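Written out below as structure tokens is the structure these notes cover.
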Amino acid sequence: MRHVIIIVVSLLFVNIAAAKPVIEELEKFERDRWSEGLHLLVGGGANFGVYVSDAIHQDIGMGPVLKTEVGYFFNDRLAVEWSALIKFNFVDSWQVWDTLFSLGVRYRFEDFGGLHGPFMRAFVGSVVNVLYFRGDPPPGYADFSRVQFEGPMVGVGFGSMEETEKGTVWYWEITATGEALERSTGINMSADVPVTDGQSSVDDHSQLYSVYFTMGIVAF
């Protein structure tokens with residue numbers, strides 16, 4: 001019986017060793033063949049935004065972007081993902097710090113037009129937009145050093161993936177988002193501690209539209 005157990009265990013280890021290259025090959029994430037499971041994408045780039053309300057139409061210029069996406073890939077075509085994006089802009093003497101949290105889907109198309117691993121993303125979520133005043137505050141916010149806006153957002157993106165000689169998958173993406181700024185909170189600093197002045201509704205149809213160009217890698 002002992003010899004049988006030794007033989008079975010030996011065969012098991014031999015089979016596992018033989019199957020390891022196959023498993024690693026199946027789990028390898030490629031630009032045009034996504035592997036199942038969790039994957040992390042990280043990247044950065046630039047954004048350009050426009051703020052629109054009943055009384056204002058204001059370009060907010062260009063600024064940097066950082067983003068991460070954690071996706072569960074069901075197969076080599078479809079994934080659901082959770083995303084966080086931070087972007088910064090400067091308007092005159094004001095600084096805008098925008099944080100977006102979203103849930104969406106990612107779909108890969110067949111290669112076309114010279115693009116490898118082209119994909120599209122669609123997502124919805126919420127936004128926290130903080131406006132820091134470095135000079136004169138906008139009308140209605142003269143008593144505060146900053147204002148925090150919140151509301152829902154939607155977005156869509158398109159891009160493609162490439163692969164380096166060492167096998168690292170990287171991507172580029174063009175994304176557009178729309179934010180509805182529905183709630184605002186005035187904030188002042190007291191002994192380096194932020195003090196809020198309650199939350200109120202924003203009734204001037206404040207919206208922020210942004211376009212992004214980002215590049216990044218599939219971290220795992």
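The values are calculated or read from the model by the stated rules, or taken from the named source; none is laboratory data. Please read all numbers here as calculations on a predicted model, not as lab measurements. Glycine gets a Cβ as well: all are built from the backbone with ideal geometry, and neighbour counts include every protein chain shown.
Restricting to segment 79-118, count the residues that are in contact (Cβ under 8 Å) with a residue 40 or more places away in the chain and outside any strand (DSSP E or B).
Summing the residues that are in contact (Cβ under 8 Å) with a residue 40 or more places away in the chain and outside any strand (DSSP E or B) in segment 79-118 gives 6.
Condition check: in a strand (DSSP E or B), more than 27 Å from Phe149 (Cβ to Cβ) and either at pLDDT 85 or above or of a type in the set (D, E, K, R) (or both). Does Leu40 satisfy that?
Working: in a strand (DSSP E or B): yes; more than 27 Å from Phe149 (Cβ to Cβ): yes; either at pLDDT 85 or above or of a type in the set (D, E, K, R) (or both): yes.
Yes.
Tell me, yes or no, whether segment 142-154 has at least one residue that is among the β-branched types (Val, Ile, Thr) and modelled with pLDDT under 95.
Just the residues of segment 142-154 that are among the β-branched types (Val, Ile, Thr), to begin with: 147, 154.
When the remaining residues are screened for being modelled with pLDDT under 95, the result is 147.
Within segment 142-154 (the criterion being among the β-branched types (Val, Ile, Thr) and modelled with pLDDT under 95), the answer is yes, since at least one residue qualifies.
Just to be sure I understand, how many residues within segment 51-70 are in contact with a strand residue (DSSP E or B) (Cβ under 9 Å, 6 or more places away or on another chain) and more than 15 Å from Thr175 (Cβ to Cβ)?
As a first pass, look at segment 51-70 and keep what is in contact with a strand residue (DSSP E or B) (Cβ under 9 Å, 6 or more places away or on another chain): 51-53, 57-70.
From what is left, the residues that are more than 15 Å from Thr175 (Cβ to Cβ) are 51-53, 57-61, 70.
So the answer is 9.
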